[in-house]
Amino acid sequence: MAGLELLSDQGYRVDGRRAAELRKIQARMGVFAQADGSAYIEQGNTKALAVVYGPHEIRGSRARALPDRALVNCQYSSATFSTGERKRRPHGDRKSCEMGLQLRQTFEAAILTQLHPRSQIDIYVQVLQADGGTYAACVNAATLAVLDAGIPMKDFVCACSAGFVDGTALADLSHVEEAAGGPQLALALLPAAGQIALLEMDARLHEDHLERVLEAAAQAARDVHTLLDHVVRQHVREASILLGD
Amino acid sequence: SHSIPVRSSETEDLRVDGRGCEDYRCVEVETDVVSNTSGSARVKLGHTDILVGVKAEMGTPKLEKPNEGYLEFFVDCSANATPEFEGRGGDDLGTEIANTLYRIFNNKSSIDLKSLCISPREHCWVLYVDVLLLECGGNLFDAISIAVKAALFNTRIPRVRVLEDEEGSKDIELSDDPYDCIRLSVENVPCIVTLCKIGYRHVVDATLQEEACSLASLLVSVTSKGVVTCMRKVGKGSLDPESIFEMMETGKRVGKVLHTSLQSVLHKEESLGPKRQKVGFLG
């Protein structure tokens, strides 16, 4: 960690936040009129768009259709201008494919797929600006988009990242903190039941500290849930005003 | 079966949504939407949504043009627009649009490439113009060219100095002040006007339904002075030469008006200064 102090003695991080403080989150549902569901989220400087098409008939080979539930198909794409250094290809590389699979796993756990057998639900996530916590931003945006599309889910899926520096667990890592090379945990939570949809950890972390980091990420995810809940209610309120209820 | 109601109203200069044949839909332009770029712009034309990011990077000049920098275009048709663009599905359309952009900029006057040169034969600025197609509501080429012009207007390239020491080796020094940058002149950057032939008339800014009814279209790339830099006919149908001349005249006329409105909007936005409230996708 070449001279960059991730956590100062007074307990402030590089961008002035406290250890358990999240970045500012702003979100909006129904960004695109032509898609079935869409949403946009800003978590600090990370901006992500999610668009949902479905449930519709399986595209491509009918053989992939599942007889008892819907197929969830996710694609993660990050714009070539999203990172500091220009990316050559927006999607198709290993990291994007892996992220797509992770998103698929996350949403298969939350969407009530048994209600739509032999059909397909497409979730496309586009990262416009990447400043750390891209997986979390994508999951949060995708949750809002799936809700905007009216697809039934067991619960919200709220995600957040966490790290560990100098004996303290940090919530919602920015790019600078991720690049520093310490342990990083990504967590996707179903808040009502407290169930974990996805858990991923990189780098070495002593198991004594795992519980603290996990708790920090879970608490941050619950805070994100409060915010997303508010966004959804606001959207429904606006929609009902337009409909004249 | 859709074409009949559209065609009959074309004769009275009235389209399905109430516009005249030469009217554009409401265009929303916003610059400086993405911060990791040297310049960016978002254009919303009806249901068509385009985001353009320009990144300036240092590179070596091309062999045949050692005193100039250059532009590289890349178009990403995102799956957001339609599920058919998933994976490599959007590559064909993306390549077609990128090639069109290369062609319209392929002349001496569109962009002053000499201002992008840092030291001849060794260093120059390469502007990577990345277009992201988010939603497709018809008339892609026009919207993309407007977005590219707005993004180039917004581009700020850091000022550099070439220092030469006694041994002759050169070092490039970036200015310390982050606001010390060079701007590009977009006076001669062309915009594309697409004219679709529907029945006996031609329309500007076609929606998806109108594009489906049209036999053929003409893409005209026009600068603010009315100079045509590139022209291309697209579509399965054929056009007679008289129509092509008529459409070209309409394209020049409409293009000049488009440029004037775009320039005034861009200057107005810039005059609001750094305190302007950025809306982006949240508005």
Next on the checklist: Can you list the DSSP H helices in chain A whose Cα atoms extend at least 18 Å along the helix axis and whose mean Kyte-Doolittle hydropathy is 1.0 or higher?
Outcome noted: A:134-148
Checklist entry - Whole-Å semi-axes of chain B's equivalent ellipsoid, largest first, each the root of 5 times a Cα gyration tensor eigenvalue? => result 37, 20, 17
Next on the checklist: I need the P(r) histogram for the protein assembly as shown: all alpha carbon pairs, bin width 20 Å from 0 out to the longest distance, whole percents.
Outcome noted: 20, 49, 27, 3, 0
Next on the checklist: If you count only protein heavy atoms and use a 1.4 Å probe, how large is the accessible surface of B:Phe245, to the nearest 10 Å²?
Outcome noted: 130
Next on the checklist: Quick check on segment B:79-176: what does the Kirkwood estimate of hydrodynamic radius come out to from the alpha carbon pairs, in Å?
Outcome noted: 16.6
Checklist outcome for this item: Ranked by GNM mean-square fluctuation in chain A (Cα springs under 10 Å), the top entry among A:Ala50, A:Ala65, A:Ala39 is A:Ala65
Item to check | Kirkwood Rh in Å, taken over chain A so that all alpha-carbon pairs contribute | outcome: 18.6
Checklist entry - Measuring from centroid to centroid over Cα atoms, what is the spacing of segment A:7-44 and segment A:53-85 in Å? => result 25
Next on the checklist: So, taking all protein chains as they sit and a 1.4 Å probe, how much accessible area belongs to B:Asp176, in Å² rounded to tens?
Outcome noted: 150
Next on the checklist: How large are Rg and Dmax for segment B:149-280 when calculated on the C-alpha trace, in angstrom?
Outcome noted: 21.5, 72
Item to check | Spread of Cα-to-Cα distances over 5 Å intervals beginning at zero, given as percent, for segment A:163-209 | outcome: 5, 18, 28, 22, 16, 9, 1
Checklist outcome for this item: Counting only protein heavy atoms and leaving out ligands, DNA and RNA, the solvent-accessible surface of B:Asp240 at a 1.4 Å probe, in Å² to the nearest 10, equals 70
Next on the checklist: Of the candidates B:Ser119, B:Ser264, B:Ser40, which one comes out as most mobile in a Gaussian network treatment of chain B with C-alpha springs shorter than 10 Å?
Outcome noted: B:Ser264
Next on the checklist: Could you put B:Tyr200, A:Tyr124 in order of accessible surface area, largest first, with the 1.4 Å probe and the full protein assembly present?
Outcome noted: B:Tyr200, A:Tyr124
Next on the checklist: Can you give me the Kirkwood hydrodynamic radius for segment A:1-144, using every pair of distinct Cα atoms, in Å to one decimal?
Outcome noted: 16.8
Next on the checklist: Please list log₁₀ I(q)/I(0) at q = 0.15, 0.18, 0.19, 0.28 Å⁻¹ for segment A:59-129, using the Debye equation with identical point scatterers on the alpha-carbon positions.
Outcome noted: -0.57, -0.73, -0.78, -1.20
Item to check | Solvent-accessible heavy-atom area per residue, rounded to whole Å², over segment A:1-115 at 1.4 Å | outcome: 49
Next on the checklist: Please compute, for the alpha-carbon atoms of segment A:1-47, the extent along each of the three principal axes and give them in descending order in Å.
Outcome noted: 50, 20, 11
Next on the checklist: Show me you know the interface measure: the accessible area buried between B and A, both chains summed, probe 1.4 Å, in Å² to the nearest 100.
Outcome noted: 2900
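The values are calculated or read from the model by the stated rules, or taken from the named source; none is laboratory data. Computed from a predicted structure; not experimentally measured. Heavy atoms of the whole protein, side chains included, go into the accessibility calculation; ligands, DNA and RNA do not. Shrake-Rupley method; radii C 1.70, N 1.55, O 1.52, S 1.80 Å.
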